[in-house]
Every structure is written in structure tokens, then in C-alpha cells.
There are 2 protein chains.
Amino acid sequence: MSLKVEVEQKVLSANDRLAAALRERWQERGVFCLNLISSPGSGKTTLLERTMERLAGRVRAAVLVGDLQTENDARRLSQYGFPVRQIVTGGTCHLEARMIEQHLPAVDRPDLELLIIENVGNLVCPSSYDLGEDAKVVLLSTVEGDDKPLKYPGIFRRARAAVFTKVDLLGLTDFDIERAEEHARTINPEILTFRLSNRTGEGLDRWVAWLEGEIARKRAAR
Amino acid sequence: MSLKVEVEQKVLSANDRLAAALRERWQERGVFCLNLISSPGSGKTTLLERTMERLAGRVRAAVLVGDLQTENDARRLSQYGFPVRQIVTGGTCHLEARMIEQHLPAVDRPDLELLIIENVGNLVCPSSYDLGEDAKVVLLSTVEGDDKPLKYPGIFRRARAAVFTKVDLLGLTDFDIERAEEHARTINPEILTFRLSNRTGEGLDRWVAWLEGEIARKRAAR
């Protein structure tokens, strides 16, 4: 092995190199790529269902969804008319760029505009693995505790947006959404915040509008 | 390095060897050691607060609590009269036996009966690290989704008990607790299940009774 290769391997890990190649590909093709990260049960899959319902017929999208086990999420998501592929990690606590590369052909199409990756339910490890996305989005449900941005700063630092889900349950617990947003901005002053309820539909319009704006911007920048 | 050492290292990793030594120590001293594992926001710290309130003056307990960042949990827990030590992992997604060994002297006492370890909020990685505990207990809040035992089988397979928290919120989401328990037993037919609400106190009597029974059994087996 030459010194040059050794140095390169130190600077860019295998994952980062693969992620950079994916990112370049999305740039050339004008595809907006989203990496959704949260604890189990914060509502990633349900938000995807609500989002897919609204984007059907308007955006050419595809979904890759990661889980330790089961194909449940792909089954739930496949009814909206978009190609969906489950990545079963078999115990690995996060998705890696090589998994995206491997499973992409199952959902890709030449005129793709939006690729959504739903990561394994885990607020810690997935934040360290670049998947070539344009934006990481962290979900936090309003029953999880408003101190979580301070306790899990890694993902809040790296996320473009934080989505506070289950706002229909506010008031039933001692979760203070103002405080949660303040904590998120303490960690990351630039972070966008959304408040929504997959159950009542509250806040979904703004979320979908943001997504469509990002998709249009990415296509225009080709 | 001799072949014998190499083989031993293959069979027992450094973590497992250290965990085995801790387990042996608890066996000799008659200390019951619990390892609490769940996603962020399932109510581990609040359950500990409710448990400490009830055990105060009756059991000689100590608490080690892991988080990526902040000393918030130790502050919350320190008001119940038991020694508490925060283990800030600085980004590591789980506790390891060497961290227990390192922080134990801060909370240990010769007549200790119960050591509770609150792991980092993560349903995946902590399940793979033996901390020398007598029992892993997994918490799942009833707003997280009843399919979680199937999606995160590792921890449900290894746990002695599953505690379903926030049962006061049942009916406000589509979480079906019977189905969640059934899924948990599909993964682990021997698993004990508890239903409780830290908010209303429902189910806490049975949980504390179980804990006191285990503490008594462990002391008697010295």
C-alpha cells in the first residue's frame, strides 16, 4: 500500500468517501436526499406516511428504511405508490453509506427528485454516519422529555431541522416545547424547528412546504 | 503473546471478563444489580425517582447513571438520600463494564444491597454490553409503538423484565399493550412484564415488590 493511499484512508474513512460519492451523484442529478433520525417510536414512519400521502402524484420520490429486524415499515410505506426498500441491518445500530449504495438500485429511477432515508431508531449512533444526504432531520416526540437536545447534542448539532412530533399530547406530560426548542438552538443556533402531529395533521402543511421548497431548490441547482 | 492468551481473548472479551468479575463480587456480597435500558424518554430516570422514594429508609441502594452529556439525571436522583454518580460517556452510545468499575467507588458502601445502573438512552447498543448485572430491565413507553419488541429483539431477548411505562396515556395513541406484551413474549417467552405509570403511580407497588423480592433473594444466597 502506498503512503498516499494510507494518508487518504486516514483523512476520509471508507464511509465518508462513499457518502461523498453519493452526495456528488445527487448533486449532478438534482435529487434532494433526507436522512431521518430519531429514537424508536418518535413517529418517523408515520411522518413518512403522512408526507407520502401529500406528495403522491406531485414528486418522484423513493424511500429506504432501516431497521434491526422486520419488514414492517416497508409494508406500511409501500401503499403510497412510491418505491420502498427495507434495509434489515440484522443488529447494526445505524445505516452506513455502503448499505445505501447496495439497496439504492431497488428504488432508484432516472427522474428521481427525492430520496428519503429512514434510519434505525437510535438517537446516538446514526448521527455519526454520513449517508450522502443533503440534510439530517431529527425527530423528537413531545413525550420523550424536553432536555433531550442537551443530552444528545451530537444529532442536534448535525441536523438541519428538528421536528417535534405528537404535539397533540402536549399538556398531558410536563414536556415544555418552548424549552425543548431553546435547548435545540443552544446546541445548534441554525436549526430549523417544526411542531407537528401525525395524528391531527397539525403542522404538516409547513413541513411539506419546506420539503417541496428544498426539492425545487435542488433541482434548480443542477 | 502465547496461544493460550490469544484463545482466552477470543472466548471472553475484555468487557465480558470485567463484567464476570463484577458479577462474582456482587454474588459474594449479596448485592442485587440492575441494568435499566431503554430509548431516550421512556421514563428510566422518573421510574428511578419513584423507586427511590419508596425504597428510602428500607434498602441500602446506590445508583450509577449514564448519559452522553449533562449531569441532569444525577441532580434529579440525588435528592432521595442515596449515593448517585453520573457517568458522562462523552458520545459513547452505551455503558461498559470498565466504566462501572471506574465509577463504583464513588457510590459503593460495604453494606450495599442494591446497585441500579441507568444506561445511556438507546435501545440497541447497551444490550450488547454485559455490566455484571443480575438482570437487564427494558423500558418501553406506551407512546413508542407496540411493534418495538419485534424491531429491537436483542434487548427483549436479553432482558429479565419489560416495563411498559406511561400507561396513563393508553388510549390516546394506537398502542395496544396486549399486543406489545405478546410481541415481547414471542421474542422471550420467559420475560416478566410490568405495566406502570410514573405519573399516576399505577403499577408501582408490583414493581417495587418484585425488586424487594429480588434483593432479599440475593442477600439470602450469599
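The values are calculated or read from the model by the stated rules, or taken from the named source; none is laboratory data. As the structure is a prediction and not an experimental result, all values here were calculated from the model. All Cβ positions, even for glycine, are placed from backbone atoms using ideal geometry, and neighbour counts span all protein chains on display.
Can you find even one residue in the range B:115-134 that is in a loop (DSSP other than H, G, I, E, B), of a type in the set (A, V, I, L, M) and free of Cβ contacts under 8 Å to residues at least 40 places away in the same chain? Give the steps one after another, and end with the answer.
Filtering the range B:115-134 down to residues in a loop (DSSP other than H, G, I, E, B) leaves B:119-124, B:129-134.
Restricting the remaining residues to those that are of a type in the set (A, V, I, L, M) gives B:120, B:123-124, B:131.
Filter once more, keeping what is free of Cβ contacts under 8 Å to residues at least 40 places away in the same chain: B:124.
Looking for residues that are in a loop (DSSP other than H, G, I, E, B), of a type in the set (A, V, I, L, M) and free of Cβ contacts under 8 Å to residues at least 40 places away in the same chain, one finds at least one in the range B:115-134, hence yes.
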TODO: Please state which of the following conditions A:Met52 fails to meet, knowing it meets all the rest: (1) under 15 Å from the mean Cα position of the chain (by Cα); (2) more than 14 Å from every other protein chain (Cβ to nearest Cβ); (3) farther than 20 Å from A:Lys166 by Cβ.
DONE: (3)
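Answer yes if at least one residue in the range A:109-125 is more than 30 Å from A:Arg179 (Cα to Cα), of a type in the set (Asp, Glu) and modelled with pLDDT of 95 or more, and no otherwise. Outline the logic, then answer.
Filtering the range A:109-125 for residues more than 30 Å from A:Arg179 (Cα to Cα) gives A:109-115.
Filter once more, keeping what is of a type in the set (Asp, Glu): A:111, A:113.
So of that shortlist, the ones also modelled with pLDDT of 95 or more come out as A:111, A:113.
Checked the range A:109-125: at least one residue is more than 30 Å from A:Arg179 (Cα to Cα), of a type in the set (Asp, Glu) and modelled with pLDDT of 95 or more.
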Task: Top-ranked residue in the range B:121-131 [being surrounded by 24 or more Cβ atoms within 10 Å (Cβ to Cβ) and either touching a Cys at 6+ places or on another chain (Cβ under 7 Å) or away from chain A (no Cβ under 14 Å) (or both); ranked as nearest to B:Lys44 (Cα to Cα)] - done: B:Asn122
- [ ] Specify which of the listed residues (B:Arg58, B:Arg76) is within 13 Å of chain A (Cβ to nearest Cβ) and farther than 23 Å from B:Ala159 by Cα.
- [x] B:Arg76
Task: Failed item, numbered, when A:Pro149 is tested on (1) in contact with a strand residue (DSSP E or B) (Cβ under 6 Å, 6 or more places away or on another chain); (2) within 12 Å of chain B (Cβ to nearest Cβ) - done: (1)
TODO: Could you figure out which of (1) at pLDDT below 95; (2) of a type in the set (Asp, Glu); (3) closer than 15 Å to A:Asp134 by Cβ isn't true of A:Glu6?
DONE: (3)
Open item on the list: Just the residues that are within 11 Å of chain A (Cβ to nearest Cβ) and under 18 Å from the mean Cα position of the chain (by Cα), please, taken from the range B:165-196.
Closed with: B:Thr165, B:Lys166
Task: Selection from the range B:139-152 of residues that are farther than 16 Å from A:Glu144 by Cα and hydrophobic (A, V, I, L, M, F, W, C) - done: B:Leu150
Open item on the list: Looking at the range B:132-146 only, could you name the residues that are within 12 Å of chain A (Cβ to nearest Cβ) and among the aliphatic types (A, V, I, L, M)?
Closed with: B:Val138, B:Leu139, B:Leu140, B:Val143
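Going by what's in this entry, would A:Ala97 be described as more than 16 Å from A:Gly154 (Cα to Cα), of a type in the set (A, V, I, L, M), out of contact with any strand residue (DSSP E or B) (no Cβ under 7 Å at 6 or more places or on another chain) and away from chain B (no Cβ under 14 Å)?
Working: more than 16 Å from A:Gly154 (Cα to Cα): yes; of a type in the set (A, V, I, L, M): yes; out of contact with any strand residue (DSSP E or B) (no Cβ under 7 Å at 6 or more places or on another chain): yes; away from chain B (no Cβ under 14 Å): yes.
Judged against the criteria, A:Ala97 is a match.
Quick check, is B:Gly203 more than 13 Å from chain A (Cβ to nearest Cβ) and surrounded by 17 or more Cβ atoms within 10 Å (Cβ to Cβ)? Steps first, answer last, please.
Details: more than 13 Å from chain A (Cβ to nearest Cβ): yes; surrounded by 17 or more Cβ atoms within 10 Å (Cβ to Cβ): yes.
So B:Gly203 fits the description; yes.
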